[in-house]
Each structure stands twice: as structure tokens, then as C-alpha cells.
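Q: Here's a structure for you.
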Amino acid sequence: MVSNLIENLQHNIKEFSLIPKSVFVEFEEIYKDEIIYRKNTNKIDSVTKFSQKTGKKIKVIKYDYFDDSKIKSIDEFDENTGKKLKTTTFTLFKSVTEYDIPSGKKLRTLNYHYRDENRLSSIHEYNLKFEKVTKIIVFRSDGKSVSMIKELNPKTEMIEKCISFKRDSNTISSISKYDFDGNKTVKTTMYYSGLSTGADKRTMQKKYNFGDIKPLTAAEKVMKDKLIDNLFKNRLSFSMLS
């Protein structure tokens, strides 16, 4: 094909010798894709693509076990260092995990709405030292406005703060802080009326001591189980609730 093109140009361009020969050199794929098939089938399990510059793998595409026309996940790598940059998965919903290049550890994961892969559902941010989630940003159904932000202790993986926002705005509606005293959890919630004056207006403060919640006694548990059993047997009466 290229040789025919050159021949035609030679007939039509008088100054053909002045054209750099590199223009007509066909691209040669040095590193071919590596295709792996499932055992004893012609279904593709994965395809690995390589950088034509460095020879290192730059992408691994994995396909659904039952349908190799559907992509299950895509891993992307830096063509110079070979370290993973990003992983995109397509399971129940689309998610994209980004990695810190020097350490190879997770930086954040973007989760998308299960019905619309263009709308964000949440973002999980990771602590590089402990490799645990340190912040969760939850979006509303539009995939753009933030509903709440949860901050977690990367060592204990327990929620320390939850910031809620008013609908269709960046205005904070409440901030809940969690304190832990042994097995007791104390939640303090600060409510805000808005940011119209340029500063937060505290309207009320509530404390909830979850450690004061007592477990059911053996007798109460038996009664609860009996109520549930009778409910499913359609034998529940008002006298049983007294």
C-alpha cells in the first residue's frame, strides 16, 4: 500500500527527492499485544498492551468470564516505571481507583452510580501510611453536589466526624463529632442555620451517648422472637403488644 503511494507520488511530484523518507516509513509494532484465552476455549480472558517506547506493559484488560465482549476491569501502568496508575472496574457499578506512583498504594477510589456511570456516587480517600480509608465523600443523585463527608481514623477505621450539607448548596447543615471512651460512643451534633453572615451560626447542640443503650434481656429477647414468629403466622394481636 505504501509502496504504491510512493510510486504515484514519484509520477506526480517533480521535487519528490526533497520529501523526507521518514514520512513514508510504515509504523512497525515492535511489542505485540499479549492475548490470554480461557483454558480449552476460544474466549479471551485478558489482553495486555505494551509501550512501543519502553516495552513495559501499559494496560491490562480483563474480560467477563461468561461474556468476553464485556470488560470486567482495566489496569493502567506508567510506561517508564511500570507501576500501576489506575484501575477501572465494571462489576455491579463502575469504579476507578487511582494509585500513588512512588509507593504503589491506593490514593482514592471513585465510585459511580450503578445506573449511570457518568454520575459519581462516592469518593473514598486513603491514608498512605495505614492504607485505610480516611475520608468518604457521598454525592447526591445528581452526581455533582455533595451530601456529606465522613472522616475516619485510619488506625481504628472508626468515624470521627460527619459533615452534612444542605441540598443544592455548599452550605453546611450540621457537623457530628464522635468521641470514643472504651466501648462507649458519644456523638455530638452541631446544627447550623446557614452562612449568610459569613460565619457559621450554631443553632443547637445535641449529645447522644450510645454507650447508655442497654442490650435486651433474655426475657425481652424471647418476647421479641415470639412476636416476630406470630407476625409471620398472622397470629399477632394487640394484646400481645401490651
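Q: So which of T41, T81, T88 is at pLDDT 95 or above and either assigned to a loop (DSSP other than H, G, I, E, B) or among the polar types (S, T, N, Q) (or both)?
A: T88
Q: Taking the conditions exactly as written (of a type in the set (S, T, N, Q), surrounded by 13 or more Cβ atoms within 10 Å (Cβ to Cβ) and under 30 Å from R115 (Cβ atoms)), does S69 satisfy them or not?
A: No, not satisfied.
Q: Return yes when I30 is at pLDDT 95 or above and either part of a loop (DSSP other than H, G, I, E, B) or out of contact with any Lys or Arg (no Cβ under 7 Å at 6 or more places or on another chain) (or both) and no when it is not.
A: So I30 does not fit the description; no.
Q: Follow-up question, since we're still on this one. Considering only residues that are without any contact (Cβ under 8 Å) to a residue 24 or more places away in the chain and either part of a strand (DSSP E or B) or closer than 25 Å to S69 by Cβ (or both), look in segment 100-120 and name the one that is farthest from the chain's Cα centre (by Cα).
A: Here the residue is R115.
Q: Please state which one of S174, S147, S164 is over 30 Å from K105 (Cα atoms) and part of a strand (DSSP E or B).
A: S174
Q: Considering only residues that are over 24 Å from S73 (Cα atoms), surrounded by fewer than 16 Cβ atoms within 10 Å (Cβ to Cβ) and among the basic types (K, R), which ones fall in segment 94-152?
A: K129, K144, listed by residue number.
Q: Within 24 Å of I136 (Cβ to Cβ), modelled with pLDDT of 95 or more and assigned to a strand (DSSP E or B): which single residue out of T48, T97 fits that description?
A: After ruling out the rest, the residue left standing is T97.
Q: Here's something else I'd like to know. Of all residues in segment 167-187 being at pLDDT 90 or above and either under 17 Å from S122 (Cα atoms) or not small (G, A, S) (or both), which is surrounded by the most Cβ atoms within 10 Å (Cβ to Cβ)? Give the steps one after another, and end with the answer.
A: So the first thing to find is which residues in segment 167-187 are at pLDDT 90 or above, and the list is 172-178.
Still in the running and either under 17 Å from S122 (Cα atoms) or not small (G, A, S) (or both): 172, 175, 177-178.
Details: I172: 17, I175: 17, K177: 15, Y178: 19.
The residue in question is Y178.
The values are calculated or read from the model by the stated rules, or taken from the named source; none is laboratory data. Because the structure is predicted, anything quoted here is derived from the model rather than measured. Virtual Cβ from ideal backbone geometry, glycine too; neighbours counted across all protein chains shown.
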